[in-house]
Amino acid sequence: MNTSVASEFRRVSETDRQFPAYGPIEAALGYVLFYVLIDRVTPAIVTVFSDTVLDLSPSFVRFGLATALWFMLVVVVVDQTRRQLAALGVVTYDDLQLRLWSRVTASSLRTAGYLLALVAGTAIAVISFDRAVEALLTLIPVVATVDVVAVDLTEVFVMVVFFVAYSVAAHSLDRLVIGGIRVLASG
């Protein structure tokens with residue numbers, strides 16, 4: 001039995017090489033969410049780090065946030081490029097995934113599950129978005145000043161619910177669209 005750490009990763013095998021690979025829609029939606037959140041929290045972060053905590057220049061803090069956006073974009077593009085090239089068999093890609101729906105043999109049941117997850121995740125994410133952003137805005141000074149007593153667990157819970165719902169919706173949309181493209185391309 002191979003007990004190495006690398007054995008926990010699933011290599012993209014010949015049977016998994018289907019183009020396009022899953023992930024680009026989910027990654028794009030994740031980056032869009034990151035961008036929107038950075039856009040919404042920039043004034044609060046600039047205020048906290050330039051006036052309260054570290055006395056940094058506001059332009060320096062904005063530059064740091066812009067750099068984080070560009071860095072994330074590069075990471076997402078490189079990762080998705082490697083994933084698509086691995087689906088074509090050009091490179092190898094170690095993919096650690098929880099494959100819950102891959103065990104469901106009926107594609108109609110799998111599709112119905114993804115549709116249900118998409119609708120439920122989208123509804124919950126839409127309902128909780130504003131409260132999650134407000135919670136994030138109130139957590140910025142709390143985290144920056146390490147004032148653990150000021151943490152409102154309800155706000156943290158709403159924020160976690162939003163991120164989980166958004167992730168479920170993005171993942172489901174990616175599986176449905178990429179799966180549909182694969183079906184159309186195959187025949």
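Between Val74 and Leu153, what FRET efficiency follows from the Cβ-Cβ distance if R0 is 45 Å, with the result rounded to 0.05?
0.80
In units of 2.2 N^0.38 Å, what is the alpha-carbon radius of gyration of region 27-169?
So region 27-169 has a normalised radius of gyration of 1.31.
Can you work out the FRET efficiency for the pair Ser186 and Val36, with r the C-beta to C-beta distance and R0 = 41 Å, to the nearest 0.05?
0.70
Probe of 1.4 angstrom, ligands and nucleic acids ignored: what's the accessible area per residue over region 41-187, in square angstrom? Don't jump to the answer; show the numbers that get you there.
Working: 9200 Å² over 147 residues.
Accessible area per residue: 63 Å².
How do Thr42, Thr154 rank by accessible surface area computed with a 1.4 Å probe, from largest to smallest?
My answer, sorted largest first, is Thr154, Thr42.
On the accessible surface of region 49-187, probed at 1.4 Å, how many percent belong to carbon and sulfur atoms?
About 72 percent, which is the carbon plus sulfur part of the accessible surface.
The values are calculated or read from the model by the stated rules, or taken from the named source; none is laboratory data. From a predicted model like this one, the values you see are computed outputs, not experimental measurements. For neighbour counting, all protein chains shown are included, and Cβ atoms are generated from backbone atoms with ideal geometry for every residue, glycine included. Each accessible area value is taken on the protein alone, full model and side chains, heavy atoms only, with ligands, DNA and RNA left out. Shrake-Rupley method; radii C 1.70, N 1.55, O 1.52, S 1.80 Å.
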